[in-house]
1. Can you give me the number of residues within the range B:271-285 that are among the hydrophobic types (A, V, I, L, M, F, W, C) and farther than 16 Å from B:Leu240 by Cβ?
2. If a residue has to be closer than 23 Å to B:Gly158 by Cβ and out of contact with any Ser or Thr (no Cβ under 9 Å at 6 or more places or on another chain) to count, how many in the range B:281-298 make the cut?
3. Kindly provide the set of residues from the range B:80-89 that are out of contact with any Cys (no Cβ under 8 Å at 6 or more places or on another chain) and either surrounded by fewer than 24 Cβ atoms within 10 Å (Cβ to Cβ) or farther than 22 Å from B:Phe17 by Cβ (or both), ordered by number.
4. Tell me yes or no: at least one residue of the range B:236-248 is among the hydroxyl-bearing types (Ser, Thr, Tyr) and out of contact with any helix residue (DSSP H, G or I) (no Cβ under 8 Å at 6 or more places or on another chain).
5. Could you check B:Pro63 against (1) under 17 Å from the mean Cα position of the chain (by Cα); (2) surrounded by fewer than 22 Cβ atoms within 10 Å (Cβ to Cβ); (3) in contact (Cβ under 8 Å) with a residue 40 or more places away in the chain; (4) away from chain A (no Cβ under 12 Å) and say which number it fails?
6. Would you say B:Leu72 is of a type in the set (A, V, I, L, M, F, W, C) and either facing another protein chain (nearest Cβ under 7 Å) or over 15 Å from the mean Cα position of the chain (by Cα) (or both)?
7. When you look at A:Phe107, is it modelled with pLDDT of 95 or more, more than 14 Å from chain B (Cβ to nearest Cβ) and buried (at least 24 other Cβ atoms within 10 Å of the Cβ), yes or no?
8. Find the strands (runs of 3 or more DSSP E) located wholly in the range B:119-172 whose residues include 2 or more that are at the interface with chain A (Cβ under 8 Å from one of its Cβ atoms), and list them.
Protein chains: 2
Amino acid sequence: MTPAKRRGEFEVIAELFAPLSKGEPGAFALTDDAAALRPKPGHDIVLTTDAIVAGVHFLPGDPASTIAQKALRVNLSDLAAKGAKPRAYMLTAALPDTAGDVWLKAFAEGLKHDQKKFGLTLIGGDTVATPGPLTLNVVAIGEVAHGKMLRRAHAKAGDDIWVTGAIGDAALGLRVLRDEDLGLSERHSASLIARYRVPEPRVAAGQAILGIAHACLDVSDGLIADCGHMAEASKVAIELRAADIPLSPAAQAAIANGRANLADLLTAGDDYELAFAAAPAHRARLTALAAKLKIRFTRIGKAVKGKGVRVYGPDGAAMELDRTGFTHF
Amino acid sequence: MTPAKRRGEFEVIAELFAPLSKGEPGAFALTDDAAALRPKPGHDIVLTTDAIVAGVHFLPGDPASTIAQKALRVNLSDLAAKGAKPRAYMLTAALPDTAGDVWLKAFAEGLKHDQKKFGLTLIGGDTVATPGPLTLNVVAIGEVAHGKMLRRAHAKAGDDIWVTGAIGDAALGLRVLRDEDLGLSERHSASLIARYRVPEPRVAAGQAILGIAHACLDVSDGLIADCGHMAEASKVAIELRAADIPLSPAAQAAIANGRANLADLLTAGDDYELAFAAAPAHRARLTALAAKLKIRFTRIGKAVKGKGVRVYGPDGAAMELDRTGFTHF
């Protein structure tokens with residue numbers, strides 16, 4: 001392809017990115033080599049990083065604005081899982097020639113939208129040219145009360161396992177984008193595509209369950225795989241009830257049409273919901289919290305002594321799963 | 001090429017990278033989604049990020065260990081320029097199929113070496129597969145006394161401009177690696193290659209000039225271009241004396257052979273020396289500091305009223321430069 005028109009790095013930073021640093025004095029309007037931050041008194045800085053690559057984590061033809069949002073949101077999902085309040089982020093973009101001025105402007109618009117929605121500010125980054133695919137790396141920076149960060153570890157035998165939202169939509173959205181016929185209405189197809197392109201990080205939920213949940217992580221590798229990570233870090237087993245796992249109306253329709261099955265949805269990645277463990281004594285409190293936040297919290301199983309993850313079908317028998325999740329590598 | 005043998009992401013993290021997180025409890029041995037950090041009392045966290053891409057910032061055939069070192073050091077150079085003490089880093093690696101187990105092991109060895117040398121710890125990261133070139137993004141995290149971070153801005157008319165080490169070696173090292181004949185001895189060629197592959201971030205110098213220098217940055221885009229950044233941020237002009245700019249014996253030999261000229265060296269990138277502005281009253285103190293640190297500090301010019309950068313040749317006339325520096329974009 002012909003290289004798209006693009007100005008030099010300094011102009012792009014000045015025009016498109018520097019305005020995104022407003023409100024954080026330590027970003028120095030992106031005119032310096034580094035940013036300086038100090039956590040609020042009594043708080044820790046929480047740092048997390050995830051990269052997304054065209055053709056692996058998003059489709060090269062996705063809108064520039066949703067690519068920007070996804071790059072941010074997969075990281076905000078990690079902050080959410082740790083109970084942290086988002087504050088700032090850094091962005092490194094490895095840009096192919098095809099990402100020109102028009103593309104970059106739409107990309108910056110996506111960032112701007114999400115900065116406002118989630119209350120964070122750009123404090124630095126880097127842009128490099130690449131002959132390879134568009135690759136975006138975000139470091140999200142949040143704050144949490146000192147020593148209180150939610151961990152994958154510390155789920156206890158006897159805890160309920162909860163999950164936010166619904167599972168499996170993003171994987172189905174990718175299938176729709178790849179022109180697979182799932183026999184769905186336009187509305188359902190569009191909702192699944194949106195879930196793939198623009199995940200909804202559960203930032204408010206993560207902060208709300210701080211002090212209630214014993215353990216938490218975000219579901220990015222697949223529900224089974226990520227429950228496996230929690231089980232391993234917590235030295236417990238996790239038992240899930242297949243019938244209780246929340247599915248969207250669109251995912252239910254795909255299953256009813258025989259175009260999807262539950263096992264695939266439980267092992268697909270990219271959900272960006274939170275899975276967390278909490279004592280049964282907190283059921284009423286968590287249900288009330290979910291109602292207040294207008295987010296679905298569903299009890300899907302329990303932590304027990306032992307190791308690994310088991311999923312029980314409606315007949316009470318353990319389901320066979322041929323893969324345990326999506327490995328990015 | 002045939003994909004090299006490589007294990008899954010989780011095994012690589014556990015075996016090669018998790019040991020690099022030892023000593024920072026908030027890294028949670030890389031078993032969680034995020035790290036938690038708190039600056040030392042009275043300090044700010046300083047964050048900086050730079051990415052390097054195979055074929056752009058290093059050669060694909062460079063040793064894995066020096067690629068790791070360069071990825072870290074270009075970021076440590078930014079911390080150095082801010083007067084910050086290195087503490088931790090995050091690493092995102094976009095790996096092509098050709099980076100297999102043997103390569104990754106050597107890569108991790110390079111990180112380990114530099115962690116020890118510079119006193120910092122790996123606290124997180126991400127690995128993704130890419131069909132493109134190897135791309136490494138590091139976020140370096142340091143600490144500096146609250147509000148004291150050295151800036152590009154705040155050089156004052158009348159200040160001396162100083163530079164550490166020597167200028168132009170890395171650009172010549174790249175030419176040697178590309179099989180250009182510079183007419184140099186093996187020893188000189190090897191020293192230039194080392195300067196290209198493994199820059200020496202001036203971490204001790206940066207901390208030492210904190211409270212003395214008015215402004216500082218690291219020379220990554222070329223001495224002229226970076227002095228231009230300082231001039232612009234500080235709202236002064238910078239005048240450099242060509243004859244005073246420090247060159248290594250190898251670079252002097254290349255010039256003597258007619259295979260390099262000073263103008264090229266002043267506009268090449270990748271030096272990773274510090275350029276800083278300080279009042280003339282501090283000359284003796286800075287000279288003593290340099291001796292103590294065993295680093296060369298050279299006065300190469302001054303800040304004056306006005307804008308832009310001018311370089312004066314030995315005849316007192318301003319030199320013509322056909323480009324002002326290396327733009328990564």
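1. First pass over the range B:271-285, keeping only residues among the hydrophobic types (A, V, I, L, M, F, W, C): B:274-279, B:281, B:284.
Still in the running and farther than 16 Å from B:Leu240 by Cβ: B:279, B:281, B:284.
Count: 3.
2. 9
3. Kept after step one, since they are out of contact with any Cys (no Cβ under 8 Å at 6 or more places or on another chain), are these residues of the range B:80-89: B:80, B:84-89.
Result: B:Ala80, B:Ala84, B:Lys85, B:Arg87.
4. Initially, the range B:236-248 is screened for residues among the hydroxyl-bearing types (Ser, Thr, Tyr), giving B:248.
Restricting the remaining residues to those that are out of contact with any helix residue (DSSP H, G or I) (no Cβ under 8 Å at 6 or more places or on another chain) gives none.
No, there is no match, as no residue in the range B:236-248 is among the hydroxyl-bearing types (Ser, Thr, Tyr) and out of contact with any helix residue (DSSP H, G or I) (no Cβ under 8 Å at 6 or more places or on another chain).
5. Condition (1) is where B:Pro63 drops out.
6. Details: of a type in the set (A, V, I, L, M, F, W, C): yes; either facing another protein chain (nearest Cβ under 7 Å) or over 15 Å from the mean Cα position of the chain (by Cα) (or both): no.
Considered against the rule, which asks whether it is of a type in the set (A, V, I, L, M, F, W, C) and either facing another protein chain (nearest Cβ under 7 Å) or over 15 Å from the mean Cα position of the chain (by Cα) (or both), B:Leu72 comes out as no.
7. Values: modelled with pLDDT of 95 or more: yes; more than 14 Å from chain B (Cβ to nearest Cβ): yes; buried (at least 24 other Cβ atoms within 10 Å of the Cβ): yes.
For A:Phe107, the condition - modelled with pLDDT of 95 or more, more than 14 Å from chain B (Cβ to nearest Cβ) and buried (at least 24 other Cβ atoms within 10 Å of the Cβ) - is met.
8. On the way: elements: B:121-129, B:135-145, B:160-164.
Qualifying strands (runs of 3 or more DSSP E): B:121-129, B:135-145.
The values are calculated or read from the model by the stated rules, or taken from the named source; none is laboratory data. Source: prediction; values computed, not measured. Cβ atoms come from the backbone with ideal geometry, glycine included; neighbour counts cover every protein chain shown. Accessible surface is based on the protein model in full, side chains and every heavy atom, while ligands, DNA and RNA are left aside. Shrake-Rupley method; radii C 1.70, N 1.55, O 1.52, S 1.80 Å.
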